[in-house]
Amino acid sequence: MSRYVLPLSVLGTAVGGAVLLKDFVAGGACPSKATIPGKTVIVTGANTGIGKQTALELAKRGGNIILACRDMEKCEAAAKEIRGETLNHRVNARHLDLASLKSIREFAAKVTEEEEHVHILINNAAVMRCPHWTTEDGFEMQLGVNYLGHFLLTNLLLDKLKASAPSRIINVSSLAHVAGHIDFEDLNWEKRKYDTKAAYCQSKLAVVVSTKELSRRLQGTGVTVNALHPGVARTELGRHTGMHSSAFSSFTLGPIFWLLVKSPQLAAQPSVYLAVAEELEGVSGKYFDVLKEKPPAPEAEDEEVAKRLWAESVRLVGLEMSHGSHGKRGQPLPK
């Protein structure tokens with residue numbers, strides 16, 4: 001029997017070391033133990049994956065959670081599951097289709113009317129590498145859902161967020177933004193041959209670019225906004241990439257993916273951290289790679305790109321602001 005002790009000990013050490021390495025590479029749990037009793041939180045795309053785990057974690061911390069999802073059957077099921085697991089009954093499902101400007105306006109109007117406060121908005125929902133689909137309003141799907149839909153939603157809820165200050169906006173982007181480029185000549189992929197990867201990267205770059213610009217516009221309001229890369233997670237987001245259906249990829253890249261790919265629970269930790277950490281009070285306009293602040297891609301820090309994208313986004317979604325620092329549609333935006 002003793003001859004097995006050393007090999008088993010070595011194996012145990014190797015497995016333990018691999019698990020520690022995985023945690024180190026993937027990033028760990030949210031370091032903040034802060035709770036948010038009584039605070040209202042909106043999480044988009046919260047019926048599955050990172051969004052669901054983010055909602056669960058924040059429900060555990062005492063928040064009043066609104067799950068904002070397109071599929072209401074799945075959303076209601078997720079809300080019920082979270083209520084049961086956390087014993088927090090302030091977890092509710094509401095319909096929001098980010099591929100429809102009409103749906104976004106209806107959702108925002110209902111929240112504005114029914115909720116006394118909105119303290120935390122987590123723009124989490126996304127589509128990745130899908131075919132060349134378009135939204136209800138004719139936007140390329142990844143640009144429409146990942147960026148423009150959240151852009152409109154955020155702006156429509158700004159008054160409520162300001163009235164609830166201190167409040168926070170968290171935009172879930174991706175490390176893929178570094179490979180993106182904002183093509184103002186063909187933002188909506190109407191002239192070029194469609195490239196699903198490039199379209200995804202552009203949409204995620206747009207999220208980071210607008211985060212910095214919105215932060216500039218929100219100075220002095222008590223509302224902060226930051227963007228983050230959650231890490232690569234095992235979620236339904238990658239359904240269009242082809243990785244899941246390739247036996248060769250699974251075999252050859254499996255060990256690498258095991259090391260780098262997170263569970264949705266672990267991938268939710270950066271969003272939770274940005275939402276609750278007391279040390280981030282007042283921190284705004286930053287980009288976080290998992291739990292650490294890092295410089296984003298150079299294009300994401302270009303002020304001229306940011307101002308131009310903001311103005312174009314306002315035009316595309318038909319955003320009319322009659323007050324504040326956002327200007328009216330058809331009037332020049334503040335410099």
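The values are calculated or read from the model by the stated rules, or taken from the named source; none is laboratory data. What you see is a predicted model, and the numbers here were worked out from it, not measured in a lab. In this analysis, Cβ positions are derived from the backbone assuming ideal geometry, glycine residues included, and neighbour counts consider all displayed protein chains. Only protein heavy atoms, including side chains, enter the accessible area calculation; ligands, DNA and RNA are left aside. Shrake-Rupley method; radii C 1.70, N 1.55, O 1.52, S 1.80 Å.
Summed over the residues of region 107-194 and divided among them, the accessible surface reaches 40 Å² per residue at a probe radius of 1.4 Å. Of all aspartates and glutamates in the structure, the ones whose alpha carbon falls short of 17 Å from that of LYS197, not counting any fewer than 8 places away in one chain, are GLU140, ASP183, ASP186, GLU236.
In this structure, the amide hydrogen of LYS39, modeled 1.01 Å from its nitrogen in the peptide plane, lies closer than 5 angstrom to those of ASN64, counting only residues at least 5 positions away or on a different chain. Among the lysines of region 39-170, pairs that are 8 or more positions apart or on different chains and have alpha carbons within less than 15 Å of each other number 9.
Of the trypsin sites (Lys or Arg not before Pro) found in region 176-223, those in coil by DSSP whose Cβ has at most 12 other Cβ atoms within 10 Å are LYS191, ARG192, LYS193. Taking θ as phi - 60° and the Karplus parameters 6.51, -1.76 and 1.60, the scalar couplings of region 84-100 work out to x, 6, 9, 6, 9, 8, 8, 10, 10, 9, 9, 7, 8, 10, 6, 8, 9 Hz in sequence order, x denoting glycine and proline.
The local environment of GLY62, defined by Cβ-Cβ distances under 9 Å, has a net charge of +4 under the rule Lys, Arg +1 and Asp, Glu -1.
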